[in-house]
Amino acid sequence: MRATLLVLFAANLSFAYMFLLDPAVVSRLYGNIPLDNMHLYLAMGLGSLLVVLAIGAFFAFLHPVKNAAVILLLILTHFSLFLTDVIALARAQMSLIALLPEMAYYLVISTLLIRFFPTQERIRKEEKKSEPTIQDANPLQKITEPSDKKTPKVQKITSLWK
């Protein structure tokens, strides 16, 4: 899971750089599409969203179990971008050669994120790791707390008569 999130972080940052700061590369990737002011504006908007998704992937990389909602958001984002590419192909707005690598990337990342999604078992394992062990416990706490194994004297006496 962490390897997938790290790859996702790097990929989102690199695409964000292209969309925000170097839109000519994006134009060449998609077949020398002319860039007018509206396309530049939309490219910058997508670039800023990719920066936010990269930050989310990094936070999820640090603590995948605690940031399961962020991972779910990343799954939904990549799946919706895949569907957007399918719709663009169905409308014949772009060629298959231009969109196929992008579609494969979205599908592979979504599949990996779903496959390694943090489950309740993983959450329990991480909680068990964070629980204090006997060595970490306060020694005075053992003396002051009553033990459940001690039985009253009355029960001991009555058990002898049976």
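Every number in this text was worked out from the coordinates using simple rules, so none of it is lab data. Everything quoted here is computed from the prediction, not taken from an experiment. As a convention, Cβ positions derive from the backbone with ideal geometry for all residues, glycine included, and neighbour counts pool all protein chains shown.
By how many nm would the segment from H39 to A104 lengthen if fully extended, with 0.36 nm per residue of separation less the alpha-carbon distance? Provide the component values of the computation, followed by the final result.
Values: separation 65, 0.36 × 65 = 23.40 nm, distance 2.40 nm.
So the extension gain works out to 21.0 nm.
Quick one: Cα convex hull volume of the range 45-87, Å³ per residue?
Output value, Cα hull per residue: 57 Å³.
For the pair L89/A10, report the inter-label distance in nm, with labels modelled 7 Å from Cα in the Cβ direction.
For L89 paired with A10, the spin-label model returns 2.7 nm.
If you stretched the chain out fully between V25 and I114, how much longer would it get, using 0.36 nm times the residue separation minus the C-alpha to C-alpha distance? All intermediate terms of the calculation are to be shown ahead of the outcome.
Numbers: separation 89, 0.36 × 89 = 32.04 nm, distance 3.09 nm.
Stretched out fully, the V25 to I114 stretch lengthens by 29.0 nm.
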